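Shown next, in structure tokens, is the structure this report addresses.
The values are calculated or read from the model by the stated rules, or taken from the named source; none is laboratory data. Bear in mind that the values here come from a model prediction, so they are computed numbers and not experimental data. Backbone-built Cβ (ideal geometry, glycine too); neighbour counts: all protein chains shown.
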Amino acid sequence: MMMRRGRPWRIARKKESGEGWVPHAVSAFGVAVSLGLVVVSALLNFRMGYRSADTEFDGLVYGAGAALGDGLKAISPFMAFWGFRQRDWMAVGWAMALFTALTSYSFTAALGFAAEHRAAKAALALGDIEHHQDARKEMDRVIARLDELGPQRTPGEVESAIDALMKKPVGRWTVADVSAKCTLNRISTRKACADIGALEGELARAREAVSLSRSAEILRRQLSKETAVAKSADPQVDALQRAAEVVYVAVSKDDISYVLSFLLALFIELGSGVGLYVATTPWRARGKDAGTPGNGGPGEVVALKALGEVEAYVLDQLDVDPAAEAAIGEIYLDYLVWCRVKGFSAYGRVEFGKKFAELAREAGMRHLLRNRSEVYQQVKLIGR
């Protein structure tokens, strides 16, 4: 039976290579999030560039240039990394210079917009708070005036009483006829007109009570809709200021607001600038770990190989034989031939021995020392 059909070797290969969907999923998620931050940063750059121009066309040109520069910023760490691997120090220097310049511009754009939006939001919240406070004060005034007025008859009831006195008979005429609706001072209508005057005062108070009641109802509805109005223009700033006071650190609200805007801008720029590079670390580490040192001189660039060369060799070249055995030196020589045929760079003798030993241990293969050399049992080279 060939070794590649053995289940222990497949398990060992999987554990050795460390392959799985989790690193790929995490990297893919990180790339997606980083690209989103790049888009956000590019939009902020576009708006900053657009605002700095005098005409519509110039604004579009400046904005597009600033947005494209943000994309170049995101790939600058990769350029620096590849330049370093190639020992191209000029490329490394220019990549870092580009990254620094583009990040500085993007950071100022993000910081400016963050500070502007926080200030605008705080002003809007402050306006809402002041409006709520004014409504509350007006509500208190209306209620106090209603309490002062006390219970009142309706205006209609008072008007009916006034009309009845006006129609009260005085000889062959009425109070209204004799006094010209209480505009003339007549002895016969003096008391009735005095009563009518009192009723007119009551009518004014009744009408005021009706108006105040309507105002109170409107204010009550308005305040019920504003139950979610914040007590502070910026609760986050207030909370941080109180936290600073706990540790006896005196800091103003303006300073805290600036720090928060700074952190937001830093978050966006770090995510958009180095997010892609960090998110792809597992993929780059995958290739780096598979690389093998070559035999060239200083500055040699070694081609990176996929993980699993030793495992692939085991599956291709070894077979299970209960009566056979093979020394590690013999196995390594066969591995070198296999690498030349396949076009791979071979691991060194010591590194190969470590990887092979781990695979053998996972597979439960027995081995022993003979003439200070490891000999593995129940395995043979295919074709020998």
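For the range 101-130, which residues satisfy the criterion of being surrounded by fewer than 13 Cβ atoms within 10 Å (Cβ to Cβ) and without any contact (Cβ under 8 Å) to a residue 12 or more places away in the chain?
Answer for the range 101-130, where residues must be surrounded by fewer than 13 Cβ atoms within 10 Å (Cβ to Cβ) and without any contact (Cβ under 8 Å) to a residue 12 or more places away in the chain: SER104, GLU116, HIS117, ALA120, LEU124, GLY127, GLU130.
One line per residue, one yes/no per condition, for (1) hydrophobic (A, V, I, L, M, F, W, C); (2) in a helix (DSSP H, G or I); (3) closer than 21 Å to LEU102 by Cα; (4) modelled with pLDDT under 85:
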| site | (1), (2), (3), (4) |
| --- | --- |
| PRO23 | no, yes, no, yes |
| LEU35 | yes, yes, yes, no |
| VAL38 | yes, yes, yes, no |
| GLY49 | no, yes, yes, yes |
| ALA53 | yes, no, yes, yes |
| GLY63 | no, yes, yes, yes |
| ALA66 | yes, yes, yes, yes |
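Within the bounds of the range 363-375, is there any residue that is within 47 Å of the chain's Cα centre (by Cα) and surrounded by 18 or more Cβ atoms within 10 Å (Cβ to Cβ)?
The answer is yes, given that some residue of the range 363-375 is within 47 Å of the chain's Cα centre (by Cα) and surrounded by 18 or more Cβ atoms within 10 Å (Cβ to Cβ).
Could we say that ALA110 is assigned by TED's automatic domain parsing to the domain that holds VAL278, modelled with pLDDT of 85 or more and either under 23 Å from PHE267 (Cβ atoms) or in contact with a Phe, Trp or Tyr (Cβ under 9 Å, 6 or more places away or on another chain) (or both) here?
No; evaluated as a whole, the condition is false for this residue.
Looking at the range 266-273, is at least one residue β-branched (Val, Ile, Thr), within 25 Å of ALA123 (Cβ to Cβ), modelled with pLDDT of 80 or more and in a helix (DSSP H, G or I)?
yes
Yes or no: LEU223 modelled with pLDDT of 75 or more and closer than 30 Å to ASP134 by Cβ?
Numbers: modelled with pLDDT of 75 or more: yes; closer than 30 Å to ASP134 by Cβ: yes.
Yes; evaluated as a whole, the condition is true for this residue.
For the range 116-229, give me every one of the helices (runs of 4 or more DSSP H) that falls completely inside it and has 3 or more residues that are outside the structural domain of LEU264 (by TED's automatic domain parsing) and not aliphatic (A, V, I, L, M).
Answer list for the range 116-229: 155-166, 190-225.
Across the range 1-21, what is the total count of residues that are in a helix (DSSP H, G or I) and either at pLDDT 85 or above or touching a strand residue (DSSP E or B) at 6+ places or on another chain (Cβ under 7 Å) (or both)? Even if it seems obvious, please write down each step before you answer.
Applying the first criterion (in a helix (DSSP H, G or I)) to the range 1-21 yields 3-5, 7-17, 21.
Keeping just the survivors that are either at pLDDT 85 or above or touching a strand residue (DSSP E or B) at 6+ places or on another chain (Cβ under 7 Å) (or both) gives 3.
Going through the range 1-21 one residue at a time, the tally reaches 1.
Return the pair list, or none, for Cβ contacts closer than 6 Å from residues in the range 245-257 that are within 18 Å of ALA114 (Cβ to Cβ) and surrounded by 10 or more Cβ atoms within 10 Å (Cβ to Cβ) to residues that are aliphatic (A, V, I, L, M) and modelled with pLDDT under 80, at least 6 apart or on different chains.
Pairs found: LYS253/VAL237; ILE256/VAL237; ILE256/LEU240; SER257/VAL237.
For GLY296, state whether it is over 51 Å from the mean Cα position of the chain (by Cα), at pLDDT below 85 and assigned to a loop (DSSP other than H, G, I, E, B). Lay out the reasoning, then the answer.
Values: over 51 Å from the mean Cα position of the chain (by Cα): no; at pLDDT below 85: yes; assigned to a loop (DSSP other than H, G, I, E, B): yes.
Here the answer is no, as GLY296 does not meet what is asked.
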